[in-house]
Amino acid sequence: MNKAPLILMYHGIKTDPLSIPEGREIGASLYDVPLENFKSQMFWLKTNDYQTISVDEINFRNQDKQVILTFDDGEANNFIHAFPILRKLNFKAYFFVIVDRIGKPGYIDWNELYQLYEAGMIIGSHSLTHPILTNLTPHQVEDELYNSLKYLVNYLGSQVDAFSIPRGFCNDQIIQTAYTAGYKQVFISERPDDLTLKCWERIAVKGSWDIERFEQAIRGEKPINEQIFYQAKKTAKKFLKGASYNQLRKIMLNITQF
């Protein structure tokens with residue numbers, strides 16, 4: 001069986017509070033990586049001869065120096081701060097955008113999105129409005145996946161193949177809907193244990209990580225305290241609905257910042 005490649009998931013790349021959009025979901029700040037940390041991580045990858053690739057470029061015979069970079073939500077700081085560093089290092093990445101937020105305060109606009117596309121970045125959908133998909137009816141899920149794809153394809157004039165699950169809540173029916181809509185790759189954070197269809201699991205990079213913790217993640221290691229926390233979070237996602245999960249997540253974040 002082929003080993004999955006190393007896939008990193010980023011969200012906000014911050015410099016100050018004004019670089020982060022207002023009104024985000026509970027826990028979003030956990031994933032705001034300071035710009036200097038992001039620079040250190042990217043230069044570490046470059047110095048250690050890592051190659052940034054797309055899913056289509058995976059070499060299953062030699063993955064030791066392959067990494068896939070992804071950014072969720074489409075915040076403007078991705079374009080302002082992350083994009084110049086990626087371009088300087090000749091790195092590529094996936095940018096998964098919430099289509100309904102394109103051009104809104106704090107988010108990438110259509111012109112910036114096209115600049116990313118023209119520079120060789122891979123544009124994907126992160127849904128239309130960023131809901132918890134498992135709370136929706138099948139018809140509503142179709143609207144989120146099909147309409148976000150339609151808007152991106154119409155603007156970019158090119159096929160959009162990749163979809164990122166909002167907030168990690170999914171099941172086989174949602175994954176199948178994505179493939180039926182025309183996506184070829186589906187990305188998620190932690191993969192649910194009962195999921196049978198193919199999707200790409202990622203490592204969520206946290207704002208609190210120093211370079212040593214980043215190197216641990218590259219080696220596939222996770223401290224025991226984080227393992228306990230994420231198993232608890234995974235179990236909560238499985239059994240709780242969106243609103244209940246948000247309340248529990250708020251409590252958990254007040255206890256720990258993992």
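Values as computed for the structure displayed
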{"quantity": "N225 paired with E36, simple spin-label distance in nm, labels 7 Å along Cα-to-beta-carbon", "calculated": "2.3 nm"}
{"quantity": "Computed accessible area, E226, all protein chains, 1.4 angstrom probe, square angstrom", "calculated": "20 Å²"}
{"quantity": "Rounded, prolate or oblate (a/c below 1.5 giving rounded, otherwise prolate when a/b exceeds b/c) for the stretch 1-105 by Cα gyration tensor", "calculated": "prolate"}
{"quantity": "Net lengthening on full extension, D210/E142 (0.36 nm per residue, minus Cα-Cα)", "calculated": "20.5 nm"}
{"quantity": "Accessible surface ranking that places the most exposed of D56, D73 first, with a 1.4 angstrom probe", "calculated": "D56, D73"}
{"quantity": "Charge tally in the Cβ shell below 9 Å around E201, where Lys, Arg are +1 and Asp, Glu are -1, E201 excluded", "calculated": "+1"}
{"quantity": "Additional length obtainable on full extension of the chain from W44 to N154, 0.36 nm per residue less Cα span", "calculated": "35.9 nm"}
{"quantity": "Within-9-Å neighbourhood charge of F79 [Cβ basis; K, R +1; D, E -1]", "calculated": "-3"}
{"quantity": "Charge sum, other residues only, whose C-beta stays under 13 Å from T177's C-beta, Lys/Arg counted +1 and Asp/Glu -1", "calculated": "-4"}
{"quantity": "Cα Rg over Rh - the stretch 85-157, Kirkwood", "calculated": "1.03"}
{"quantity": "Square roots of five times the Cα gyration tensor eigenvalues for the stretch 136-185, Å", "calculated": "19, 11, 9"}
{"quantity": "Rounded Å value of the spacing that divides the Cα centres of the stretch 22-95 and the stretch 104-155", "calculated": "19 Å"}
{"quantity": "With every protein chain in place, the stretch 1-79: carbon and sulfur % of accessible area (1.4 Å)", "calculated": "47 percent"}
{"quantity": "Estimated inter-spin distance, V55 and L195, nm [label 7 Å along Cα→Cβ]", "calculated": "1.1 nm"}
{"quantity": "With all protein chains modelled, accessible area of K14 [1.4 Å, Å²]", "calculated": "70 Å²"}
{"quantity": "DSSP bridge pairs, the stretch 1-124: antiparallel proportion in percent, nearest 5", "calculated": "5 percent"}
{"quantity": "Mean Cβ neighbour count within 10 Å, used as a protection proxy, ranking 190-199, 157-166 highest first", "calculated": "157-166, 190-199"}
{"quantity": "Paramagnetic reach from K65 in the stretch 19-43 [backbone N under 16 Å; point 7 Å along Cα→Cβ]", "calculated": "43"}
{"quantity": "For the stretch 61-209: rounded, prolate or oblate by the Cα gyration tensor [a/c cutoff 1.5]", "calculated": "oblate"}
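The values are calculated or read from the model by the stated rules, or taken from the named source; none is laboratory data. Please read these numbers as outputs of a predicted model, since none were measured by experiment. As a convention, Cβ positions derive from the backbone with ideal geometry for all residues, glycine included, and neighbour counts pool all protein chains shown. Note: areas computed on protein heavy atoms with side chains; ligands, DNA, RNA excluded. Shrake-Rupley method; radii C 1.70, N 1.55, O 1.52, S 1.80 Å.
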